[in-house]
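The next block holds one structure in the form of structure tokens; read it before the comments.
No value in this document is a laboratory result; all are computed from the given coordinates. Here the structure is a predicted model, which means the values were calculated and not measured. As a convention, Cβ positions derive from the backbone with ideal geometry for all residues, glycine included, and neighbour counts pool all protein chains shown.
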Amino acid sequence: MSTDTGIVIGEDGMARPAWAATDPLMREYYDTEWGLPVGDEQGLFERISLEAFKAGLSWATILRKRPAFREAFDDFDPDRVARYGDTDVARLMGDAGIVRNRAKILATITNANATIRLREKGGLVDFVWSFQPEETPAPRTIAEVPTQSAESLALSKALRKEGFAFVGPTTMFALMEAIGIVDTHLVDSHRRGSSGVWTP
């Protein structure tokens, strides 16, 4: 059953946005992962990498390929990815299990090196989380969910200054949503306020 807010009430009685209501993989991701805090460097580097690969594609496509991405990129261990050379790029470009985009592959290697350098400034996690806003959106409909914010624009600029690539403000807002820096669960969703970062 769908509502005029874009919320769909599932067979389990749970309220979810339409994008998370039908595909079992997307529903599982929404229920158990999306919007929950990520506080470890490797986990955050993976999220930044996958958000970059998502540019121009759907998250469902990336989510289906995530196991292959993890295998191809050594579980997104920044220290290992930072050492990738031409042979690795050729290997990745030949891997049908991932998104074979040379610019995005090279950006992932670039970002691994930038992640390592950020350790001298307190690390990637503290750096990204320092852009948490004072308030979070409270959308009642999908149309009210922002696609970027002043904070995502600032984070994008700051990461670029630190040498990161494929970190535009819209991509960074998607990252902030995914790791709980902002809570854009619809007000009527069963996940609203579940991150522990923001009160419902």
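Can you sort MET14, MET176 from fewest to most other Cβ atoms within 10 Å of each residue's own Cβ? Show your work: numbers first, answer last.
Working: MET14 17, MET176 26.
Neighbour counts put them in this order, fewest first: MET14, MET176.
Using the Karplus curve 6.51 cos²θ - 1.76 cosθ + 1.60 with θ = phi - 60°, work out ³J(HN,Hα) for each residue of region 62-73 in order, rounded to whole Hz, and write x for Gly and Pro.
Listing the rounded values in order: 5, 4, 5, 8, 4, x, 5, 4, 4, 5, 5, 10 Hz.
Can you list the HN-Hα couplings for region 117-125, worked out from phi with the Karplus curve (6.51, -1.76, 1.60; θ = phi - 60°), rounded to whole Hz and with x for Gly and Pro?
5, 5, 4, 6, 10, x, x, 4, 4
If you plug each phi of region 38-46 into the Karplus form 6.51 cos²θ - 1.76 cosθ + 1.60 with θ = phi - 60°, what whole-Hz ³J(HN,Hα) values come out, in order, with x for Gly and Pro?
Using θ = phi - 60°, the values come out as 10, x, 10, 4, 5, x, 6, 4, 4 Hz.
Setting aside same-chain residues fewer than 8 positions from LYS104, which aspartates and glutamates have a Cα under 15 Å from its Cα?
GLU46, GLU51, ASP86, ASP88, ASP95
Report the extension gain between TRP19 and ARG100 in nm, rounded to one decimal, defined as 0.36 nm multiplied by the number of residues separating them, less their alpha carbon distance. Please report the intermediate quantities before stating the final value.
Values: separation 81, 0.36 × 81 = 29.16 nm, distance 2.52 nm.
Length gained, TRP19 through ARG100: 26.6 nm.
Rounded to the nearest 500, what is the 222 nm mean residue ellipticity of the chain from helices alone, with -39500 (n - 2.57) per DSSP H run of 4+ residues and division by all residues? Don't jump to the answer; show the numbers that get you there.
Details: 9 runs with 94 residues, N = 200.
Result for the chain, helices only: -14000 deg cm²/dmol.
Which of GLU135, GLU71 has the fewest other C-beta atoms within 10 Å, and how do the rest follow up to the most? Kindly include the intermediate steps, with their values, before the conclusion.
Numbers: GLU135 7, GLU71 12.
Going from sparsest to densest Cβ surroundings: GLU135, GLU71.
Mind putting a number on the dipole of region 1-148 about its Cα centre? Charges go on the C-beta only, +1 for Lys and Arg and -1 for Asp and Glu, and I need it in Debye to the nearest 20. Could the numbers behind the result be given before it?
Values: 18 positive and 24 negative charges, 128 e Å.
It works out to roughly 620 debye.
Want the number for ARG83 to SER194: 0.36 nm per residue separation, take away the alpha-carbon distance, what's left? Let's see the in-between values first.
Numbers: separation 111, 0.36 × 111 = 39.96 nm, distance 3.76 nm.
Gain on stretching ARG83 to SER194: 36.2 nm.
Compute the semi-axes of the equivalent ellipsoid of region 1-80, taking the square root of 5 times each eigenvalue of the Cα gyration tensor, and list them largest first in whole Å.
Numbers: eigenvalues 163, 33, 23 Å².
So the three semi-axes of region 1-80 are 29, 13, 11 Å.
Got a sec? Charge dipole of the chain, +1 on Cβ for Lys and Arg, -1 for Asp and Glu; which of LEU118, TYR29, GLY39 is way out at the positive end?
The one lying farthest along the dipole's positive direction is LEU118.
Calculate the translational D of the chain in whole µm² s⁻¹ from Stokes-Einstein, where the hydrodynamic radius comes from the Kirkwood formula applied to all Cα pairs, the temperature is 25 °C and the viscosity 0.890 mPa s. Mind showing how you got there, number by number?
Values: Rh = 17.5 Å.
In µm²/s, the coefficient rounds to 140.
I need SER149, SER58, SER194 ordered by Cβ neighbour count within 10 Å, fewest first.
Values: SER149 20, SER58 11, SER194 16.
Going from sparsest to densest Cβ surroundings: SER58, SER194, SER149.
Out of ALA60, GLY97, ILE9, whose Cα points farthest toward the positive end of the dipole of the chain (charges: +1 Lys, Arg; -1 Asp, Glu; placed on Cβ)?
The one lying farthest along the dipole's positive direction is GLY97.
Straight-line reach from LYS121: which lysines have a Cα under 19 Å away, not including same-chain ones fewer than 8 places off?
By straight Cα distance, LYS121 reaches LYS157, LYS161.
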